[in-house]
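Student: I am attaching a structure below and will ask some questions about it afterwards.
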Amino acid sequence: QDTLTSAGIYEYRIVNLTAENKMLASPIFKASRSTIESSESVHYGEMILVGLDEVKIGYNEDAPFAEAPAIFMGAHTNNNSSLNLTNLVTLATASGFTYTPSPWLSSASAEMKEAEMLPFMALSKGSHQFGPLTCEVGSAKVRMSKEQEITFTTPFPEGVVPVVLTEINKPSIIKAPMVTRVRDVTNMGFKCQIMVEEGATTSSSSYNVNYMAIT
């Protein structure tokens, strides 16, 4: 156990002195601590990935969520150009979330050779006003085999087309890496579908998809 106060990558190894006075050392194990900032309705930060193991993020205790918020992940860097990753939020609660890097099956590599920096944010569901920006955060059930039409709870003004971000949330069935496709965005809503690689196993189940629409 170790208490890490500063964000960054930490390296550990076990060193043993034998009875013959020889020094034996284990391979280096890497661990990371990510950054997170918070306000009343949004927590955001930058996740540091040192491998393909799951990463747990806890929200700041001084600004807790009343219920599980919607999680949105940013784009990966190009530090591992042969490892093509998708995002997978496997658990989301009012106190934190669990994230697992999910490589495409067609990736040329299955190893993370360099650290990845991945931005993320968690927002409470509902309507928000960030200065001049109007924002709606919600969730919907989306099938992999069918395009779903999602309607905003409150339409945006006529002629205003918001930017829409989506993220698959806690999938109960994971047969292959998945992403969401968004199209036909209007002030009233948008269309969404879950996509997998060509030739990958598909599912007819519905998946929880969080969305954020912001002017």
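The values are calculated or read from the model by the stated rules, or taken from the named source; none is laboratory data. Every value quoted in this text rests on a predicted model; they were computed, and no experiment measured them. Here the Cβ is made from the backbone with ideal geometry for all residues, glycine too, and neighbour counts use every protein chain on show. Accessible surface is based on the protein model in full, side chains and every heavy atom, while ligands, DNA and RNA are left aside. Shrake-Rupley method; radii C 1.70, N 1.55, O 1.52, S 1.80 Å.
Student: Do we find that Ala70 is open to solvent by less than 50 Å² (accessible area, probe 1.4 Å) and modelled with pLDDT of 90 or more in this structure?
Tutor: yes
Student: Moving on to the next point. Which pairs turn up if I take residues in the stretch 15-38 that are without any contact (Cβ under 8 Å) to a residue 24 or more places away in the chain and more than 29 Å from Asp62 (Cα to Cα) and look for partners that are polar (S, T, N, Q) and not in a strand (DSSP E or B) with beta carbon separation below 9 Å, at least 6 apart in sequence or on another chain?
Tutor: So the pair list comes out as Val15/Ser26; Asn16/Ser26; Leu24/Thr18.
Student: Name the single residue that is farthest from Glu149 (Cα to Cα) among those in the stretch 171-199 being of a type in the set (Gly, Ala, Ser) and open to solvent by 20 Å² or more (accessible area, probe 1.4 Å).
Tutor: If we take residues in the stretch 171-199 being of a type in the set (Gly, Ala, Ser) and open to solvent by 20 Å² or more (accessible area, probe 1.4 Å), then Gly199 is farthest from Glu149 (Cα to Cα).
Student: Hey, does the stretch 28-41 have a residue that's exposed (fewer than 11 other Cβ atoms within 10 Å of the Cβ) and touching a Lys or Arg at 6+ places or on another chain (Cβ under 6 Å)?
Tutor: Checked against the condition, which is being exposed (fewer than 11 other Cβ atoms within 10 Å of the Cβ) and touching a Lys or Arg at 6+ places or on another chain (Cβ under 6 Å), the stretch 28-41 yields at least one hit.
Student: Right, another one. Given the conditions (1) touching a Ser or Thr at 6+ places or on another chain (Cβ under 6 Å); (2) among the aliphatic types (A, V, I, L, M); (3) open to solvent by 30 Å² or more (accessible area, probe 1.4 Å), which single one is not true for Met47?
Tutor: Checking Met47 against (1) touching a Ser or Thr at 6+ places or on another chain (Cβ under 6 Å); (2) among the aliphatic types (A, V, I, L, M); (3) open to solvent by 30 Å² or more (accessible area, probe 1.4 Å), the one that fails is (3).
Student: For the stretch 128-145, what are the residues that are open to solvent by 60 Å² or more (accessible area, probe 1.4 Å), under 13 Å from Thr180 (Cβ atoms) and of a type outside the set (Gly, Ala, Ser)?
Tutor: Within the stretch 128-145, Lys141, Arg143 qualify.
Rundown of residues vs (1) open to solvent by 40 Å² or more (accessible area, probe 1.4 Å); (2) out of contact with any strand residue (DSSP E or B) (no Cβ under 7 Å at 6 or more places or on another chain); (3) under 29 Å from Pro171 (Cβ atoms), yes/no style:
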position	(1), (2), (3)
Tyr10	yes, no, no
Asp53	yes, yes, yes
Asn84	yes, no, yes
Asn87	no, no, yes
Ser106	yes, yes, yes
